[in-house]
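Here is the structure we will look at.
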Amino acid sequence: MTLEAFDSLIHKSSPERLQQCLPTDSQIRELYAQSYRSRMATLDMTYRAEMGHIGSDFSCLDILTVLYFCVIKVNPKDPTWPERDRLILSKGHAAGALYVTLAEKGFFPKTWLNSYQQFDSRLQGHPDRQKLPGVEHNTGSLGHGLSVAAGIAAGLQFSNRGRSRVPRVFALLGDGELQEGSNWEAAMLAAQLQLDNLVAIIDRNGLQQGDSTENTVALGDLSAKWDSFGWRVAQCDGHDMKQLLTVLNTESESSKRPTVVIAKTVKGRGVSFMENNPVWHHKVPSAEEKARAREELGTVLAAIEGNEATWLTFVKRS
Ligand SMILES: Cc1ncc(C[n+]2csc(CCOP(=O)(O)OP(=O)(O)O)c2C)c(N)n1
């Protein structure tokens with residue numbers, strides 16, 4: 001489904017939903033500011049830990065920011081609230097991006113970020129639900145998140161039958177991760193079970209570890225593939241907050257189909273020398289690279305938080 005088609009769906013939606021889907025310009029601006037602040041924090045954490053997957057983190061930070069600050073219903077003070085929406089970071093190696101977002105949302109103190117990847121830390125290289133509030137499932141071994149998300153979505157449909165709202169379940173996947181066959185088993189089952197509370201988001205940056213997805217095991221026309229599996233397909237720019245909000249806030253009303261959002265992204269987004277370079281899958285920046293990256297991110301953040309003219313420069317460039 002195109003963005004236009006999603007737009008028209010939104011306009012048929014209820015007033016509450018409509019209001020939720022149309023944020024003000026200043027809210028959009030705050031989302032961008034938040035995502036660049038999160039990039040800064042991720043950079044510092046990765047540098048300090050001398051470990052991480054910074055290119056993967058930067059690829060999905062805009063998506064996570066929109067999800068946690070505008071889409072999913074969660075309560076950081078009550079992380080296991082039964083009616084919450086769930087997010088499973090299937091591409092668990094992007095844990096740094098998730099940790100920063102959860103800390104910013106208030107699930108745990110930001111000081112905990114200082115222990116990223118240290119021995120016995122709550123913030124391991126891959127998320128651990130028993131160690132960190134807000135983490136829904138342990139991930140890291142690629143290819144499992146969607147199956148788990150489908151199971152949770154089915155369980156929530158069952159336990160919430162007859163209620164006005166069934167919690168939604170989001171699974172954020174890498175595109176290289178789709179080479180794992182288990183994803184396609186989950187895709188078939190989710191369509192069969194009519195899991196319209198399930199949303200898969202594909203971080204479609206075209207790269208995986210060491211090379212492009214198309215040079216490794218080509219994914220081809222992902223939209224056609226998901227459509228043929230019986231899913232509602234939406235595509236968007238994964239760094240455009242308005243587009244992300246439009247596709248992610250549109251609940252699948254009575255379509256009886258799960259939704260997949262194919263978000264076109266850039267690995268390493270936000271730092272020129274990291275963008276689209278497979279080396280930055282898990283390279284750690286040197287002191288000099290960290291300083292350059294900080295300067296670039298700082299310049300963008302200043303433009304977003306500056307006056308109308310600097311904001312418009314950012315909008316035009318991105
Ligand atoms: C089952 C499994 N095989 C291999 C790996 C090693 N690995 C970690 S990240 C990665 C590449 C993932 O690429 P993609 O899903 O496209 O994620 P992104 O490019 O967004 O980082 C691989 C192969 C793993 N974590 N799990």
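For the ranges 144-155, 53-64, 205-216, 99-110, what's the packing order if you count other beta-carbon atoms within 10 Å of each residue, average per peptide, and put the highest first?
Answer by packing, highest mean first, reads 53-64, 144-155, 99-110, 205-216.
Rounded if a/c is under 1.5, else prolate if a/b beats b/c, else oblate: with a ≥ b ≥ c from the C-alpha gyration tensor eigenvalues square-rooted, which is segment 73-221?
Details: a/c = 2.30, a/b = 1.03, b/c = 2.22.
Because a/c hits 1.5 or more and a/b fails to exceed b/c, segment 73-221 counts as oblate.
How many angstrom lie between the C-alpha centres of segment 26-56 and segment 119-196?
That distance is 24 Å.
How big is the chain by Rg and Dmax over its Cα atoms, in Å?
Expressed in Å, the Cα Rg and Dmax of the chain come to 18.6, 58.
Pairs Lys105/Lys267; Lys77/Lys256; Lys91/Lys316; Lys105/Lys264; Lys73/Lys283: which exceed 28 Å Cα-Cα?
Lys77/Lys256; Lys91/Lys316; Lys73/Lys283
Within 10 Å of each residue's Cβ, count the other Cβ atoms and sort Thr250, Thr42, Thr313 from fewest upward.
Ordered by Cβ neighbours within 10 Å, fewest first: Thr313, Thr250, Thr42.
In whole Å, how far is the Cα centre of segment 253-276 from that of segment 60-99?
15 Å
For the chain, what is the mean residue ellipticity at 222 nm derived from helices alone (per DSSP H run of n ≥ 4: -39500 (n - 2.57); sum divided by total residues; nearest 500 deg cm²/dmol)?
Calculated at 222 nm, the ellipticity per residue is -13500 deg cm²/dmol.
Got a sec? Which residues in segment 156-200 would a label at Val217 touch, if it sits 7 Å along Cα→Cβ and we count backbone N under 13 Å?
From segment 156-200, the list is 175-185.
Values quoted throughout were computed directly from the atomic coordinates according to the rules given, and no laboratory measurement underlies them. Note that the structure is a prediction, hence the values are computed from the model and not measured. Quick reminder, even Gly has a Cβ in these numbers, built from the backbone with ideal geometry, and neighbours come from all protein chains shown.
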